[in-house]
Each structure stands twice: as structure tokens, then as C-alpha cells.
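The values are calculated or read from the model by the stated rules, or taken from the named source; none is laboratory data. Predicted model, so just to flag it, every value in this text is computed and none were measured. As a convention, Cβ positions derive from the backbone with ideal geometry for all residues, glycine included, and neighbour counts pool all protein chains shown. Remember, those area values only see protein heavy atoms, side chains included, never the ligands or the DNA or RNA. Shrake-Rupley method; radii C 1.70, N 1.55, O 1.52, S 1.80 Å.
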Amino acid sequence: QVQLVESGGGLVQAGGSLRLSCACSGRTFSSYAVGWFRPAPGKEREFVAAINWSGGVTRYADSVKDRFTISRDNAKNTVYLQMNGLKPEDTAVYYCAADPSIATVMVGRAGSWGRGTQVTVSS
């Protein structure tokens, strides 16, 4: 397992941008897929985006496609979520999660989770 710490959340007006970071500790980080999640009505958590170990494969929820971009810098042990065109409905605590399998990450069953960072979008 790896330890994950999110940062970069804050308050932004609708249409604005934020970049979230997920800093990971552990020597095996570069072999892990990482994803971002947020709570949603009626769900424990909603998948937002994921990236595989190399950065060559990315996946997005339809609700954020074309607005959010996930990327990673394995030299810095960090995964980023660039969020543009933010909407009030994007307001949530955002969690990152890591697992060797991107499929496992995407269904919310990753072995490692961070504590989250709050994103608030005002209208």
C-alpha cells in the first residue's frame, strides 16, 4: 500500500479552475494506478477520473470529461487533477485512491485512500 495526501482544494467561482494534487509515499508508487472520487447523492462515492501507472491510460466520468484532466509525475510521486470550467455541482470533498489495477481503482475498491480536500464552487 501507499499513503496518500490530497491538497489544492479551495473556494472558486463558477467557471474558475483549481488543480488538486495527490502526493504519494512509498517506493512502489510508479506501479500504481490512481483515481479521484467525490461523494454523490445516493452513492458512497462517485468516480471522477483515473490514470494508470505510466500515465498512458486515462479515464473520466462523463460529467467531467472535457473539463478535468488527470496527469502524473512519477519523479515527484504526485498525481494531479486539473479542473477547469468548474460548476457549483462540482462542490465536494475530493479523494484520491491508489491500487496496482486501474480497473480496481475505477470501481472504488482501491487499497489506499487519502483523507480528501474540499472543493467549493460558488455560483
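Can you list the residues of the stretch 68-104 with backbone N under 14 Å from a point 7 Å past the Cα of Arg19, pointing along Cα to Cβ?
Label zone hits: 69-74, 76, 78-84.
When the accessible area of the chain is computed with all protein chains present and a 1.4 Å probe, what percentage of it is carbon and sulfur?
Looking at the chain in its full context, I get 48 percent from C and S.
Let me have the 222 nm mean residue ellipticity of the chain computed from DSSP H runs of 4+ only, each contributing -39500 (n - 2.57), with the sum over all residues rounded to the nearest 500. Numbers along the way, then the final one.
Numbers: 1 runs with 5 residues, N = 123.
Helix contribution divided over all residues of the chain: -1000 deg cm²/dmol.
Going from the alpha-carbon gyration tensor of the stretch 22-119, what semi-axes, largest first and in whole Å, does one get by taking the root of 5 times each eigenvalue? If you can, show how the numbers build up before the last one.
Numbers: eigenvalues 85, 40, 30 Å².
After diagonalising the Cα gyration tensor, the semi-axes are 21, 14, 12 Å.
Could you pull out every one of the aspartates and glutamates with an alpha carbon less than 18 Å from that of Lys43, ignoring same-chain neighbours closer than 8 positions?
Asp62, Glu89, Asp90
Give me the accessible area per residue for the stretch 47-98, probe 1.4 Å, as a whole number in Å².
On a per-residue basis, 45 Å².
Sorted by packing (mean other beta-carbon atoms within 10 Å per residue), highest first, where do 106-118, 84-96 land?
Most protected by this proxy first, the peptides run 84-96, 106-118.
In a solvent-free Debye calculation with one equal scatterer on each Cα, what is log10 I(q)/I(0) for the stretch 1-74 at q = 0.11, 0.19 Å⁻¹, listed in the order of the q values?
Log10 of I(q)/I(0), two decimals: -0.31, -0.92.
Once the piece of chain linking Leu11 and Lys43 is laid out straight, how much longer is it, given 0.36 nm per residue of separation minus the C-alpha distance between them?
9.1 nm
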